[in-house]
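**Student:** Right, I'll just put the structure down here and ask away after.
The values are calculated or read from the model by the stated rules, or taken from the named source; none is laboratory data. Just so it is clear, the model here is predicted, and its values are computed rather than measured. Here Cβ is always computed from backbone atoms with ideal geometry, including for glycine, and neighbour counts include all displayed protein chains. For accessibility, only protein heavy atoms count, side chains too; no ligands or nucleic acids. Shrake-Rupley method; radii C 1.70, N 1.55, O 1.52, S 1.80 Å.
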Amino acid sequence: MCPLLLNPILSYPLLSPLFGGYIRKLRRDNPSKILIHLCLALLLSNLVYLIGMHDYSFDNSTICKVVAVLLHYSLLASLTWMAVEAFYMYLALILVFKTYFTNFILKCALFGWGVPLLIIVVTLAVDSTDNYGFINSGMCWLRNPAFYAAFVGPVCLILLVNCIAFVLVIRQLSNMASSKLNKTDRNR
């Protein structure tokens with residue numbers, strides 16, 4: 001496991017000069033910043049799963065609960081950043097000229113990282129740490145009924161918002177394409 005963690009750390013000084021300019025360019029505009037946050041949330045969820053889902057976490061109930069909390073947080077953060085991305089696409093394509101918000105990325109970060117944290121805090125406050133632990137499927141995760149309230153509910157809400165944004169964006173794009181076709185027909 002140690003080489004797995006050291007490889008990115010040791011390769012950073014070697015790869016940084018090669019990709020440094022590209023990374024600086026990525027951090028300039030809002031869509032790139034949102035994408036970076038989404039990638040960080042996905043990286044966190046993958047790391048928590050890869051490092052935490054081993055026998056040493058199953059044997060110790062405290063470690064198992066910590067892994068379950070971190071996995072729950074990182075998965076919810078990934079989904080909320082996907083919702084932020086959908087919201088930004090909605091702003092960019094539907095509300096084209098009314099889209100300036102002060103401190104937009106800060107507000108997105110508060111939503112993307114804060115909403116999952118709020119859900120975790122509420123889940124922990126409701127039943128201390130008994131909502132998390134080793135479950136029958138062989139992993140450290142949320143126990144029922146907290147699973148439905150603290151994970152399935154927010155996931156369904158985020159998916160609904162994403163689907164609505166998707167339909168609105170597709171409708172706007174198809175309207176733009178059909179108006180473009182109508183203009184070319186008039187010019188003939």
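**Student:** When you scan the range 53-144 for helices (runs of 4 or more DSSP H) that lie fully inside it, which ones turn up with 1 or more residues that are in contact with a Pro (Cβ under 9 Å, 6 or more places away or on another chain)? Before you say what the answer is, go through the steps one by one.
**Tutor:** On the way: elements: 55-59, 61-93, 104-127.
Fully inside the range 53-144 and qualifying: 61-93, 104-127.
**Student:** Still on this model: Of everything in the range 112-145, what is open to solvent by 40 Å² or more (accessible area, probe 1.4 Å) and on the phi > 0 side of the Ramachandran plot? Give them in sequence order.
**Tutor:** Of everything in the range 112-145, just one residue is open to solvent by 40 Å² or more (accessible area, probe 1.4 Å) and on the phi > 0 side of the Ramachandran plot, namely Ser128.
**Student:** OK, next. Could you give every pair whose Cβ atoms fall below 6 Å, whose first residue belongs to the range 160-185 and is part of a helix (DSSP H, G or I), and whose second residue is modelled with pLDDT under 85, counting only separations of at least 6 or pairs across chains?
**Tutor:** Close Cβ pairs (under 6 Å, with a partner that is modelled with pLDDT under 85) amount to Leu168/Ile94; Val169/Leu93; Gln172/Leu93; Gln172/Ile94.
**Student:** Go through Ala77, Ala83 for me and flag whichever is open to solvent by less than 20 Å² (accessible area, probe 1.4 Å), closer than 24 Å to Ala41 by Cα, in contact (Cβ under 8 Å) with a residue 60 or more places away in the chain and small (Gly, Ala, Ser). Give the derivation first.
**Tutor:** On the way: Ala77 fails: in contact (Cβ under 8 Å) with a residue 60 or more places away in the chain.
So the residue among Ala77, Ala83 that is open to solvent by less than 20 Å² (accessible area, probe 1.4 Å), closer than 24 Å to Ala41 by Cα, in contact (Cβ under 8 Å) with a residue 60 or more places away in the chain and small (Gly, Ala, Ser) is Ala83.
**Student:** Sticking with this structure for a sec: Please verify whether Phe104 is over 30 Å from Ile51 (Cβ atoms) and surrounded by 15 or more Cβ atoms within 10 Å (Cβ to Cβ), treating the condition exactly as stated. Break it down stepwise before answering.
**Tutor:** Details: over 30 Å from Ile51 (Cβ atoms): yes; surrounded by 15 or more Cβ atoms within 10 Å (Cβ to Cβ): yes.
When the stated conditions are applied, Phe104 passes them.
**Student:** May I ask you to say which residue of Tyr88, Tyr100 is under 28 Å from Ser174 (Cβ atoms), modelled with pLDDT of 90 or more and of a type in the set (Ser, Thr, Tyr)?
**Tutor:** Tyr88
**Student:** Consider Ala149 carefully, then state whether it is modelled with pLDDT under 95 and open to solvent by 70 Å² or more (accessible area, probe 1.4 Å).
**Tutor:** The answer is yes for Ala149.
**Student:** Could you check the range 152-169 and list, in sequence order, the residues that are surrounded by 13 or more Cβ atoms within 10 Å (Cβ to Cβ) and of a type in the set (Gly, Ala, Ser)?
**Tutor:** Ala165, the sole residue that qualifies.
**Student:** Pairs needed: first member in the range 34-61, free of Cβ contacts under 8 Å to residues at least 60 places away in the same chain; second member anywhere, open to solvent by 80 Å² or more (accessible area, probe 1.4 Å) and of a type in the set (D, E, K, R); C-beta distance under 8 Å; at least 6 residues apart or different chains.
**Tutor:** Pairs found: Ile36/Arg27.
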